[in-house]
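Structure, as structure tokens:
The values are calculated or read from the model by the stated rules, or taken from the named source; none is laboratory data. Predicted model, so just to flag it, every value in this text is computed and none were measured. All Cβ positions, glycine included, derive from the backbone under ideal geometry; neighbour counts span all protein chains shown.
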Amino acid sequence: MDIENVLSQMTLEEKASLCSGYYYWHTKSIERLNIPKIMMCDGPHGLRKQTGPEDHLGIHESLKSVCFPSASALASSFNTEVMKELGECLGRECQAENVGMLLGPGVNMKRSPLCGRNFEYFSEDPYLAGELASAYVKSLQAQGVAACVKHFACNDQETERMSIDTEVDERTLHEIYLPAFEKVIQDAKVRGVMCAYNSLNGTFCSENKNLLTDILRNQWGYEGFVVTDWGAVKDRVEGVRAGLDLEMPGGPGAQDQKIVAAVQDGSLDESDLDKVVRRILQFVSDCTEQKRVVVKDYEADHKKAAELAGECMVLLENRNDILPLKKETKTVFIGEFAVTPRYQGGGSSHVNPWKVEDAYHAAESAGADVTFIKGYDVKNEKDKKLAAHLIEEAVEAAEKAETAVIFAGLPDEYESEGWDRSTLDLPEVQNRLITAVASVQPNTVVVVHAGAPVVMPWRDHVKAILLAYLGGEGVGAAEADVLYGSVNPSGKLAETFPLELEHNPSYLNFPGANGQVKYREGVFIGYRYYDKKKLEVEYPFGYGLSYTSFDYDNIRLDRKEMKDTDILHVSCRVTNTGHMQGKEIVQLYVEPETDPALEERPVRELKGFTKIDLKPGESREVEFTLDKRAFAYYSKELHDWYVPDGEYRIQIGASSRDLRLEDSVRIESTQALPVYYTQYITVGRLIRNEKGRQFVLKALMKYMGFSKLEIEEQPDVEECPERIEQTIQATMLGMPLRSMVTYGALREEQLNRFLTEINKESC
């Protein structure tokens, strides 16, 4: 498509018409100019293409499609290859169904474990989320299908999501809530960005110029188009000015007419509208040119979904190595989810699966000695009489078996798009069931289906816990594979499991009040908070067990000193010391030297990870590359990333709290933070500047009678009496500089002259 030629032929009305969709799932066509319509569909973890009544909440059924593990499960794989395979499968399915754009992935942060949509998001850590999402987008778009990363930005709850005002400071925004988007845009060249419903710091995201133009396009160089979340437009004309391109879904045309009217009355420059139309035309052109003929292979994709689910499962407990089970062991599977597993979340990503495999029939087919007992009734969990009967039945069966495996988890209505959870608890009837069975059967295993953390009051009373998350339609086959040892579990938690909801850093400010939510915890979300507070957790970030064991040794840094512009190469050796082939996720964290004069920083942050597959006795060298961003924080003074001078510890291990190796590097910054000195800067901050230190010491020496010289005459501060230094340390560090005038150590004119000079130098 010759975009400039097409644009030159368009009427004002035609330009405006392209700025909104054709009903729910298509862009508009203009037959006169041979502009086709392009279909978009939901589906970060499976294609949701509707052919009947249109909606965006998953209320109506869609075409059958393979349902892959949700993002919360996929993230626990810590494996970019898994994301590539997922992208390939979904890209082929989209091409087969003539879908030009898949609406995903979601890279919002897991600020609170209560967010009802957390199953669609990767992690509480922006680095991990960005790396995984980028791999997914590259792979999907390599199939000729556009990805659309969402929800931009800070759409981290479902409560009042369409109207809530999210208050986030500049540093927190850039360090926590934007990096995953930045990674996908700059590294993966994603072709679509979906703006969020909420407002950010008082301006709705759909008309937030700082987000859509200043950051997205000017800072990050984004060249794709921006589409609204469905129904997110507030002021359509203001949206055009801000950089919003496509409004979805389409309506009767009233919004388009507002754009026309604004151009006609001069309140909107037509050149701004032309920018929007160019981006939409480019998207349409790309989709048209990349259309391929593909035939879906449901069976192959289903097998891949089950394989990926096995890669994602997290073994939380395995006392006495009860797992893997032996097929000849007489085992009872207890719980509805053993035969009707919960494998996906609710809302716009709800997929109509091709076929669902359950653990009980998968284990039975594999030759395991297994029986099934219902244990609980999801639809009637509040029926106390029924619950008591089912628990009694389960206890009786458990007593007769050698092992009991309980399949527990959150029912559909507990977590979904549209609402948030109110508790981290499993249904009370399930907790009672697990406690009762564990009291009579010492070999009790629990399999948990959930899209987000749950508390487990019974965890010390069962032998093993396997977290399946929401593992897609092949979850049952994957569970059987892991339970019986044909797959060695290798997933690790991409989020912290707290002991109590009240321990979460967002607890006092989630979901907000009076139409506003304040991110008062700042950069301290997830493990950043728990590690800073030294809080005990149920399970830490990055945690997960294996049926084998791994040793770490031989950490090496290619330099011990560097500038912030240099690249640091780090390596170590990992060895499988067990008796079974297995995969280990090697994690690298950076712990900065703390400087009280600068911004408070997390104890450590994830800055590298890799997943390796080792045979028993096999060793492998693992390498990491760290650039400036691995050591930096976002400076409000610079409005950019800044690396302070100092020592940085490089830590490598199996989780954020299982660090096996450590070394350090000293970094010299090539930047200086701009500082504006006033009369009210504290003495403690001032003396960090050498000129400031000299000024203070000279003034005190004169004031305390150690020098007869005028302060400008350079008394030798290197021979400053210890008494002076002690005075500063004991009484003056927190005093404003102005106090030295008040107490007679300085004259007003001396102070003002000094401030003028030092501020000139700082600038």
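For the reader, a short list of remarks on this structure follows.
- Top-ranked residue in the stretch 566-597 [being under 20 Å from Lys533 (Cβ atoms) and touching a residue at least 60 places away in the same chain (Cβ under 8 Å); ranked as surrounded by the fewest Cβ atoms within 10 Å (Cβ to Cβ)]: Glu591
- When restricted to residues that are aliphatic (A, V, I, L, M), touching a helix residue (DSSP H, G or I) at 6+ places or on another chain (Cβ under 6 Å) and outside any loop (DSSP other than H, G, I, E, B), the stretch 593-616 contains 1.
- Lys304 being touching a helix residue (DSSP H, G or I) at 6+ places or on another chain (Cβ under 7 Å), modelled with pLDDT under 95 and more than 30 Å from Asn431 (Cα to Cα): no
- If the condition is being in contact (Cβ under 8 Å) with a residue 60 or more places away in the chain and small (Gly, Ala, Ser), then the stretch 225-252 contributes Gly231, Ala232, Gly250, Gly251.
- Set Glu270, Glu238, Glu299: member being within 20 Å of Ile30 (Cβ to Cβ), modelled with pLDDT of 95 or more, surrounded by fewer than 23 Cβ atoms within 10 Å (Cβ to Cβ) and of a type in the set (Asp, Glu): Glu270
- Within the stretch 577-604, being more than 23 Å from Val82 (Cβ to Cβ) and under 17 Å from the mean Cα position of the chain (by Cα) holds for Pro602, Arg604.
- Only listed residue being within 25 Å of Arg520 (Cα to Cα) and assigned to a strand (DSSP E or B), chosen from Val537, Val590: Val590
- Any hit, the stretch 338-345, residues being surrounded by fewer than 21 Cβ atoms within 10 Å (Cβ to Cβ), closer than 30 Å to Glu88 by Cβ and at pLDDT 95 or above: yes
Conditions (1) within 26 Å of Leu390 (Cα to Cα); (2) surrounded by fewer than 24 Cβ atoms within 10 Å (Cβ to Cβ); (3) not basic (Lys, Arg), marked per residue:
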{"position": "Met313", "(1), (2), (3)": "no, no, yes"}
{"position": "Asn318", "(1), (2), (3)": "no, yes, yes"}
{"position": "Gly347", "(1), (2), (3)": "no, yes, yes"}
{"position": "Ala359", "(1), (2), (3)": "yes, no, yes"}
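- Residue match in the stretch 410-424 (condition: at pLDDT 95 or above and loosely packed, with under 14 Cβ neighbours inside 10 Å): yes
- Failed condition for Leu493, given (1) over 24 Å from Val437 (Cβ atoms); (2) free of Cβ contacts under 8 Å to residues at least 24 places away in the same chain; (3) not polar (S, T, N, Q): (2)
Conditions (1) part of a helix (DSSP H, G or I); (2) at pLDDT 85 or above, marked per residue:
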site: Ile728; (1), (2): yes, no
site: Gly734; (1), (2): no, no
site: Ala745; (1), (2): no, no
site: Leu751; (1), (2): yes, yes
site: Phe754; (1), (2): yes, yes
site: Ile758; (1), (2): yes, yes
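- Screening the stretch 617-663 for strands (runs of 3 or more DSSP E) wholly inside it with 1 or more residues that are surrounded by fewer than 16 Cβ atoms within 10 Å (Cβ to Cβ) returns the ranges 619-626, 640-642, 646-655.
- Residue in the stretch 158-168 that is among the small types (Gly, Ala, Ser) and part of a strand (DSSP E or B) present: no
- The residue list Asp286, Asp256 contains one member that is of a type in the set (Asp, Glu), in contact (Cβ under 8 Å) with a residue 40 or more places away in the chain and in contact with a strand residue (DSSP E or B) (Cβ under 6 Å, 6 or more places away or on another chain), which is Asp256.
- Matching option when the condition is under 23 Å from Cys67 (Cα atoms), touching a Leu at 6+ places or on another chain (Cβ under 9 Å) and among the polar types (S, T, N, Q), among Ser490, Ser486: Ser490
- Residue match in the stretch 549-560 (condition: more than 25 Å from the chain's Cα centre (by Cα), aromatic (Phe, Trp, Tyr) and either at pLDDT 95 or above or part of a loop (DSSP other than H, G, I, E, B) (or both)): yes
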